[in-house]
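The values are calculated or read from the model by the stated rules, or taken from the named source; none is laboratory data. Note that the structure is predicted; figures quoted are calculated from it, not measured. Positions of Cβ are backbone-derived with ideal geometry, glycine not excepted, and every protein chain shown enters the neighbour counts. Remember, those area values only see protein heavy atoms, side chains included, never the ligands or the DNA or RNA. Shrake-Rupley method; radii C 1.70, N 1.55, O 1.52, S 1.80 Å.
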Amino acid sequence: MRNMLVTGAAGFIGANFVRYCREQYPQDNIVVVDALTYAGNPHNLDGVINEHCTLVAADINDTELMMTLLREKKLDTIVHFAAESHVDRSITGPDAFIEANIMGTYSLLKAARQVWQIEEQAVENHHFHHVSTDEVYGTLGSDDPAFTEETPYAPNSPYSASKASSDFLVRSYHHTYGMNVTTSNCSNNYGPYHFPEKLIPLVILNILHGKSLPIYGDGKNIRDWLYVEDHAQGIDLVLREGRVGETYNVGGCNEWTNIDIVKLICSLIDKRFTGNADLRNTYPACPASQGEECDSLITYVTDRAGHDFRYAIDTDKIRKELGYEPKVTFEVGIEKTLDWYLENPQWWQAVLDGSYRDSADAAKDKDVSDAA
Ligand code: NAD
Ligand code: TDX
């Protein structure tokens, strides 16, 4: 049985990871720490919070509180998702990325070192797993080989630079202090609870509401998409069987240009609306409700500054060492994602109208000392 601190799990991937763990390992204890920024939504954890899984609304930069939680809850494992994650926001406001991604990771490492390695009751079998991104490797040309764990770091945005910095801090705590750390660098995730500022959920919701679909530049940039549950599975494998001090690339081997992915989603929605009066009545502004094709909403807009052309992940190491294999094909995953957004309008309506902040504010009002 493990006692885990999972940071940032009111966000997209962390919430899916916690759901995965509750199902696979119901005996484990999980303490989620999340600052509930705009991207943190307590509803992402609806149905999984119980005596084995608690949510503490706090900033990982509160080192004292992190130490108290590690001590009092006897936490032996940290899975660190908490971060500012949106590249566009890092371009307009990098400060928050430095604070959360660099300073926050440092704060967590400091707390872990103190409680796991320095104090009297040192925790021998501790494990700090750091969740990172393929963006730290920079950008690829069309014919370049995919990123391996040996690819030199070359981050291009304030977001990826802050993630790269945090990866190096984690690495240094292993080399210098012997902390048991692992890191995973994953490609673009998609699936349930994905915040609608990111490409796939933004496109789904804009289509339903008849809003334009902004394509940056010429739409030819390439991303490698992975269903979020397969990322959770990859992290779980690294936690259980990964070699301490190592990094593992996780990806979907599933490269798409942005424009192709947007056109695919348009055609899937066109199909679903055909002959479905319920959908047409529920979403009258959707072009498919008016007999038009959804790709009529595609609008080319000014490119993202410093836009990386292509990401692709070589998953050889995690496949060979840990037996990793993505379970959900893209064809299935994108339909499941569409199903989820169509079946959970209350989730995204609360995000779009801002009312999800009420539950965040209520969670923040709880005295965090209760949690420790
Ligand atoms: P997200 O933005 O949906 O969630 C991030 C969460 O972290 C939010 O709940 C937010 O409230 C919380 N947070 C932010 N700053 C915090 C702080 N100082 N203290 C405590 N909590 C804080 O992000 P995501 O897409 O779920 O990404 C999770 C992690 O995975 C990030 O580290 C990201 O870099 C990495 N990653 C994401 C992707 C992707 O495709 N989304 C791919 C590879 C890696
Ligand atoms: O409106 C849009 N139009 C558009 O063309 C948006 C939001 C995005 N894009 C493009 C930019 C990217 O090439 O689509 C691609 C995907 O964009 P995002 O969803 O913003 O993701 P990306 O920038 O690739 O980063 C994501 O994957 C790696 C996550 O947000 C990161 O946290 C993760 O590390």
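Surface listing: HIS194, HIS209 arranged by accessible area from highest to lowest gives HIS209, HIS194, probe 1.4 Å.
Legend: calculated FRET efficiency, ALA305 to LYS336, from the Cβ-Cβ distance at R0 = 22 Å, rounded to 0.05, equals 0.10.
One-quarter of the Cα convex hull surface for the stretch 165-240, in nm²? Show your work: numbers first, answer last.
Working: hull surface 28.5 nm².
Mean projected area for the stretch 165-240: 7.1 nm², to one decimal.
Surface analysis of the stretch 193-279 yields an accessible area of 35 Å² per residue, using protein heavy atoms and a 1.4 Å probe. Rounded to the nearest angstrom and listed largest first, the equivalent-ellipsoid semi-axes of the stretch 1-70 from its Cα gyration tensor are 18, 15, 9.
Of the accessible area of the stretch 183-341, with the probe set at 1.4 angstrom, what percent is carbon plus sulfur?
For the stretch 183-341, the apolar C and S fraction of the accessible surface comes to 49 percent.
Compactness of the chain is given as radius of gyration and Dmax, 20.6, 70 Å, from Cα positions. Considering only GLY178, GLY251, GLY40, the mean-square fluctuation computed in a Gaussian network model of the chain, springs between alpha carbons under 10 angstrom, is largest for GLY178. For the chain, averaging the sequence separation of C-alpha pairs within contact (under 8 Å, six or more residues apart) and dividing by the residue count gives a relative contact order of 19 percent. The trypsin sites (Lys or Arg not before Pro) of the stretch 293-354 that meet both conditions, a loop assignment by DSSP and at most 16 other Cβ atoms within 10 Å of the site Cβ, are ARG304, LYS327.
The distance from the alpha carbon centre of the stretch 133-195 to that of the stretch 247-271 is 21 Å, rounded to a whole number.
Each of the peptides 143-151, 64-72, 112-120 was scored by the mean count of other Cβ atoms within 10 Å over its residues; in descending order, highest first, they stand as 64-72, 112-120, 143-151. Pairs exceeding 19 Å between alpha-carbon atoms, taken from LYS198/LYS263; LYS211/LYS263; LYS271/LYS336; LYS263/LYS336; LYS163/LYS317; LYS220/LYS263: LYS163/LYS317. Here's how it looks for ILE215: its modeled amide H is under 5 Å from those of THR299, TYR300, VAL301, which are all 5 or more places away or on a different chain.
Applying 1/(1 + (r/R0)^6) with R0 = 25 Å to the Cβ-Cβ distance of THR274 and SER212, what FRET efficiency is obtained, to the nearest 0.05? Could the numbers behind the result be given before it?
Values: r = 22 Å, r/R0 = 0.89.
According to the calculation, E is roughly 0.65.
Here the dipole of the chain is about 100 debye; that uses its Cα centre as origin and unit charges on the Cβ of Lys and Arg (positive) and Asp and Glu (negative).
How much length is gained if the chain between ALA154 and THR257 is pulled fully straight, taking 0.36 nm per residue apart and subtracting their Cα-Cα distance, in nm to one decimal? Write down the numbers at each step before the final one.
On the way: separation 103, 0.36 × 103 = 37.08 nm, distance 2.17 nm.
Between ALA154 and THR257, full extension yields an extra 34.9 nm.
Helices in the chain, meaning DSSP H runs of at least 4 residues, each add -39500 (n - 2.57). Divided by all residues, the mean residue ellipticity at 222 nm is -12000 deg cm²/dmol.
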